[in-house]
Amino acid sequence: MKIKGKIWKFNDNINTDEIIAARYLNTFDEKELGSYCMEDIDKEFAQKISKGDIIVAGKNFGCGSSREHAPIAIKGCGISCVIAESFARIFYRNAINIGLPIFVSEQASRLLKQGEQIEVDAENGKIMNLTNQEVYASDKFADFMQDIVNSGGLLDWVKKKGFIKK
């Protein structure tokens, strides 16, 4: 899987309340949640996104509560993936469960800048900065995790595998 997009840069410790405020937790509708994504950091964030754009952040992205609403909101606003130096464990798992690709790369987290264009090569663990041609390494998913993300999330993956009937 290759993902191309423009970068939206965030700092360390972006928590789930900043990703999607608690006042919007009365729905699981992806598009509705997406319309409020990052609203408490940048009121117009969701309106500025082009489908396929990429979030790049620092350490501990997705810390806070265990709600699945946070990765759902990110996916719902059109973000194609998130790259960070590190992720909160429960956010990492929730992102995989809903089919949101996320990548750990300390180098990319530090060196990429707002607005740059990048291409993520998920299978080979490489992030290419299309703006200046630099290449950064990222952690690769285990094959089964990549299969879950490629399937669109855990539920679609178990259906595809025949573990539950469609």
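The values are calculated or read from the model by the stated rules, or taken from the named source; none is laboratory data. This one's a predicted model, so the numbers in the text were calculated from it and none came from an experiment. Quick reminder, even Gly has a Cβ in these numbers, built from the backbone with ideal geometry, and neighbours come from all protein chains shown.
Values for this structure:
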| read-out | value |
| --- | --- |
| For Lys48: the one exception among (1) over 12 Å from the mean Cα position of the chain (by Cα); (2) crowded, with 17+ Cβ neighbours inside 10 Å; (3) of a type in the set (Lys, Arg) | (2) |
| Residue within the range 61-75 that is of a type in the set (D, E, K, R), in contact with a strand residue (DSSP E or B) (Cβ under 9 Å, 6 or more places away or on another chain) and assigned to a loop (DSSP other than H, G, I, E, B) present | no |
| Counted residues, the range 66-82 - those being of a type in the set (Ser, Thr, Tyr) and surrounded by 24 or more Cβ atoms within 10 Å (Cβ to Cβ) | 0 |
| Strands (runs of 3 or more DSSP E) fully within the range 98-162 counting 1 or more residues that are of a type in the set (S, T, N, Q) and modelled with pLDDT of 95 or more | 117-121, 126-129 |
| Any hit, the range 28-44, residues being farther than 20 Å from Tyr92 by Cα and crowded, with 18+ Cβ neighbours inside 10 Å | yes |
| Tally, over the range 126-166, of residues that are under 21 Å from Ala84 (Cβ atoms) and surrounded by fewer than 12 Cβ atoms within 10 Å (Cβ to Cβ) | 3 |
| Lone unmet requirement of (1) out of contact with any strand residue (DSSP E or B) (no Cβ under 9 Å at 6 or more places or on another chain); (2) of a type in the set (S, T, N, Q); (3) touching a residue at least 40 places away in the same chain (Cβ under 8 Å) for Gln117 | (1) |
| Residue identified as more than 17 Å from Met1 (Cβ to Cβ) and among the acidic types (Asp, Glu) among Glu123, Glu119, Glu134 | Glu134 |
